[in-house]
Amino acid sequence: MSPSGGGFSQEFGRRNPAWDYRYWLRGLTPGQRVVIRTRLVYKPFRGRKDVLAEYEKWNAELEAEKH
């Protein structure tokens, strides 16, 4: 895990997110099933609103799968 993320972007004037991640799962029981859902979207960056819309769409799909 990089403490500084993906470094500073001169183009956007902010820090880039790191591509690595870590999950801390506490209080698990041996043999307990754990599911971690992830998604990667590769497309032109169209702003934060578009990122949020992508997440909300995916989250709605996950919720629909539960029913």
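The values are calculated or read from the model by the stated rules, or taken from the named source; none is laboratory data. Model, not experiment: these values are computed from the prediction. The area values use the complete protein model at the heavy-atom level, side chains included, leaving out ligands, DNA and RNA. Shrake-Rupley method; radii C 1.70, N 1.55, O 1.52, S 1.80 Å.
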**Prompt:** At 222 nm, what helix-only mean residue ellipticity would the chain give, in deg cm²/dmol to the nearest 500, using -39500 (n - 2.57) for each DSSP H run of four or more?
**Reply:** -9500 deg cm²/dmol
**Item:** Prolate/oblate/rounded call for the chain, Cα gyration tensor, a/c under 1.5 rounded
**Value:** oblate
**Asked** Roughly to the nearest percent, how much of the accessible area of the chain is carbon and sulfur, given a 1.4 Å probe?
**Response** 54
**Request:** Output ³J(HN,Hα) for the range 59-67: one whole-Hz value per residue in order, computed from phi by the Karplus curve 6.51 cos²θ - 1.76 cosθ + 1.60 with θ = phi - 60°, and x for Gly and Pro.
**Result:** 4, 5, 5, 5, 5, 5, 5, 5, 9
**Asked** Quick one: accessible area per residue over the chain, 1.4 Å probe, rounded to a whole number of Å²?
**Response** 99
**Message:** Can you give me the solvent accessible area of GLU54 with a 1.4 Å probe, rounded to the nearest 10 Å²?
**Reply:** 40
**Asked** ³J(HN,Hα) across the range 51-56 via Karplus (A = 6.51, B = -1.76, C = 1.60, θ = phi - 60°), whole Hz, x for Gly/Pro?
**Response** 4, 4, 4, 4, 5, 4
**Complete:** Taking placed amide H atoms and a strict 5 Å upper bound, the residues 5 or more places from ASN16 or on another chain that come that close are GLY6, GLY7, PHE8, SER9
